[in-house]
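All remarks here apply to the structure that follows.
The values are calculated or read from the model by the stated rules, or taken from the named source; none is laboratory data. Computed from a predicted model, the values in this text were never measured in an experiment. So basically every Cβ, Gly included, is an ideal-geometry build from the backbone, and we count neighbours across all protein chains shown. When the accessible area is computed, the model is the full protein with side chains, heavy atoms only, and any ligands, DNA or RNA have been set aside. Shrake-Rupley method; radii C 1.70, N 1.55, O 1.52, S 1.80 Å.
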Amino acid sequence: MSTPTPQEPGQQWRREGAELVWHRTYGPWLVTAHCPVAAPFTGPSELSIRLTVGGSGEEITRAMAEALETDGIPASLLRQIPLAEIKAGARAALAQQGDRAMNTPYPVPARCRTEEDYALLVGELTRMHATGTTAPQGELAARLGISKGTMSDRIRRAKEMGLWDGGLTEKASAVLAAWRNNNDEEGN
């Protein structure tokens, strides 16, 4: 199987409109990952593999022979795609985007009383994880001046309320969307 084409540092991800795009060629195959900047997650939303044949007559003949030899996309190529590297690179690249909504921290109150308070808590945990924080629960607990045990209790309560299942639930997303809309109206 073909080895990946070497790339310069910083060429892994580039901005194309409202998304970041990653490309790497493997012989005649181009692997592309797309990551929307406004998405509430940091992994790619699309991964594509396509045959890219071009260049001189000799290059076209060689690339077509390789594609014909494997009878389309080879399974060995799928095993070579570095998905963990792609996701880590996406997380780092997205954290650098100024228009990324995930760059603005949620104003988590020191005490959680309402459904909105708990939604802000889990929204902030999600944002912190998405922007590369390795221990979001511990860091958020320290920022709020609470113990890790209290943070665990709040997360358990958020689960009971249907706002957290290891990530934002639809209910939490709806509460946060209403909170954003309310804050946008107050800011205008």
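The helix-only estimate of mean residue ellipticity at 222 nm for the chain, built from DSSP H runs of length n ≥ 4 each weighted as -39500 (n - 2.57), is -15000 deg cm²/dmol after division by the residue total.
Averaged over its residues, the chain has an accessible area of 57 Å² per residue, based on protein heavy atoms and a 1.4 Å probe. Hydrophobic long helices, here whole DSSP H runs in the chain with Kyte-Doolittle means of at least -0.5 and Cα atoms spread over 15 Å or more along the helix axis, are found at 57-70, 83-95, 115-130.
Residue by residue, the stretch 71-82 carries 3J(HN,Hα) couplings of 6, x, 5, x, 4, 5, 5, 4, 6, 7, 5, x Hz when phi is fed to the Karplus relation 6.51 cos²θ - 1.76 cosθ + 1.60 (θ = phi - 60°); x denotes Gly or Pro.
Descending by average beta-carbon neighbour count within 10 Å, the peptides 57-68, 42-53 line up as 42-53, 57-68, the highest first. Each of I73, L121, H34 was placed along the dipole of the stretch 34-188 (beta-carbon charges, centred on the mean Cα), and the one lying farthest toward the positive end is L121. Across the accessible surface of the chain, with the other protein chains kept in place and a 1.4 Å probe, carbon and sulfur atoms take up 51 percent. Answer rounded, prolate or oblate for the chain, using the Cα gyration tensor with square roots of eigenvalues a ≥ b ≥ c: rounded when a/c is under 1.5, else prolate when a/b is larger than b/c, else oblate. Prolate shape, in that a/c is at least 1.5 and a/b is the bigger ratio. About its Cα centre, the dipole of the chain is roughly 680 debye, where the only charges are +1 on Lys and Arg Cβ and -1 on Asp and Glu Cβ.
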